[in-house]
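Please read the structure below before turning to the comments.
Computed from the coordinates by the stated procedures, all read-outs in this text should not be read as laboratory data. Just so you know, these numbers come straight off a predicted model, no measurement behind them. Note: ideal-geometry Cβ built from the backbone for every residue, glycine included; neighbour counts use all protein chains shown.
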Amino acid sequence: MPTVHKLDLSSEENAGDVWRLQHAAYRIEAELIGVPDLPPLHDTIASLQAADETFWGCRDDDGELIGAIAAERADDGTAVISRMMVHPEHFREGVATALIGHLLAQWPDAASWEVTAEARNRPAIALYERFGFQSEASFKPRDDITMITMRRPART
């Protein structure tokens with residue numbers, strides 16, 4: 001199982017690593033769902049550094065970032081998974097499972113958990129369901145994108 005570490009995006013090197021990973025991962029999702037200009041593909045290193053999110057990541061033995069997850073806290077105490085990405089060369093290696101498991105353990109006091117996934121991204125939805133997330137609602141930020149909001153109650 002990959003080791004997960006907090007990422008400091010004030011470091012240009014770390015932010016660049018996340019940017020490269022995000023573009024590799026979200027290009028695959030864009031192909032999967034047929035939407036070539038997904039919003040995460042518009043991020044820049046500067047926009048990642050300015051994001052009000054906490055990032056964690058996994059690196060391979062050569063130090064390359066192979067997976068990352070980001071989350072933020074809502075005012076009501078809900079923890080929101082805002083980004084999840086795994087390098088395509090490392091799909092099905094347990095990277096996403098390690099990232100989500102680590103994140104859930106980092107914020108055990110969260111009132112609840114929330115994540116959104118594009119409705120056609122069945123692998124992501126199945127992953128979140130394995131962690132107890134359940135579909136709650138859907139919305140369309142654009143005509144060509146349908147997002148599913150998934151929630152997981154806090155564990156006591």
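Peptides 94-104, 33-43, 70-80 ranked from most to least packed by the mean count of surrounding Cβ atoms within 10 Å: 94-104, 70-80, 33-43. Determine the distance separating the Cα centre of the stretch 1-34 from the Cα centre of the stretch 126-156; give it in Å without decimals. If you average the Cα positions of each part, the centres end up 21 Å apart. Summary value for the chain: 21 percent relative contact order, contacts being C-alpha pairs under 8 angstrom separated by 6+ residues. Computed from backbone phi with θ = phi - 60° and the Karplus coefficients 6.51, -1.76 and 1.60, the 3J(HN,Hα) list for the stretch 96-103 is 4, 4, 5, 5, 5, x, 5, 4 Hz; x is used for glycine and proline. Volume per residue of the convex hull around the Cα atoms, evaluated for the stretch 4-111, comes out as 108 Å³.
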